[in-house]
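Beneath this line is the structure, given in structure tokens, with notes to follow.
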Amino acid sequence: MNNPEYDKPMPPLNRDSKPFWDSMKEHNMRLQRCAECGKIRHYPRPVCDNCLSMEYDWVRATGKGKVHSWTISHHAFLPGFIADLPMTLVTVDLDEGVRICAQMRDCEPERLSVDLPVELGYEDATSDLTLPVFRPV
């Protein structure tokens, strides 16, 4: 996934992560689920950290969750992020029991709080890359 017009880091695509990014491109987030014990996991990886099974399938995420924590970045460590500043990054506890980090949209910093209900949104960064974002419910 390399795009000269997109000046931000691109996620690595491999056997484990490609189905996740493909689901994002379809605006239909799917998460890995262990085929042995049923544990949902994110980030995608080859081995279940609960039972060590290497068998998995993919399940659709509800897109619902609650803010676990957040930070507001006022400094761009890479030039591609300068236009996004200040950038609010949230760690969200999804209803499926995993955490995911993404940018927060449509939320004033004063409104942010632990356990704030949020829902998943999709932003098409390029024709090949769709990023998760969250918005307050």
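Read-outs: derived from the displayed coordinates by stated rules, not from any lab. Quick caveat, the model's predicted, so the values are computed rather than measured. For neighbour counting, all protein chains shown are included, and Cβ atoms are generated from backbone atoms with ideal geometry for every residue, glycine included.
When the square roots of the Cα gyration tensor eigenvalues are ordered a ≥ b ≥ c, the ratio a/c for the stretch 71-137 is 1.5 or more and a/b does not exceed b/c, which makes its shape oblate. Here the peptides 107-115, 60-68 are ranked by packing, the mean other Cβ count within 10 Å, and the order with the highest first is 60-68, 107-115.
Model label points for residue 82 and residue 16, set 7 angstrom from Cα along the Cα-to-Cβ axis, are 3.6 nm apart. DSSP assigns beta bridges within the chain; of those with both partners inside it, close to 95 percent run antiparallel. Annotation for the stretch 71-128: chymotrypsin sites (Phe, Trp or Tyr not before Pro) lying in DSSP loop with at most 15 further Cβ atoms inside 10 Å of their Cβ are 77. Counting only Cβ charges, +1 for Lys and Arg and -1 for Asp and Glu, the dipole size of the chain around its Cα centre is about 280 debye. Residues whose amide H lies under 5 Å from that of residue 125, counting only those 5 or more places away or on a different chain, are 130, 131; hydrogens are built 1.01 Å from N in the peptide plane. Estimated at 0.36 nm per residue, the fully extended path between residue 53 and residue 27 surpasses their Cα-Cα distance by 6.5 nm. Close amide H pairs (under 5 Å, H built 1.01 Å from N) link residue 56 with 35, residues at least 5 positions away or on another chain.
Matching the structure-derived percent of Cα pairs over 27 Å apart against the labelled list (1) 30; (2) 15; (3) 24 gives the label (3).
For a 4.7 Å threshold on C-beta separation, the list of partnerless cysteines in the chain reads 101, 107. For the chain, modelled as a GNM whose springs connect Cα atoms under 10 angstrom apart, the maximal fluctuation among 45, 33, 15 occurs at 15. The 3J(HN,Hα) values that the Karplus relation (6.51, -1.76, 1.60; θ = phi - 60°) gives for the stretch 98-106 are, in residue order, 10, 10, 9, 9, 6, 6, 9, 10, 6 Hz. Gly and Pro appear as x. Distance between the modelled labels on residue 137 and residue 99, one decimal in nanometres: 2.0 nm (7 Å Cα→Cβ projection).
Build a GNM of the chain with springs between Cα atoms under 10 Å apart, and of 22, 106, 93 the one that fluctuates most is 106.
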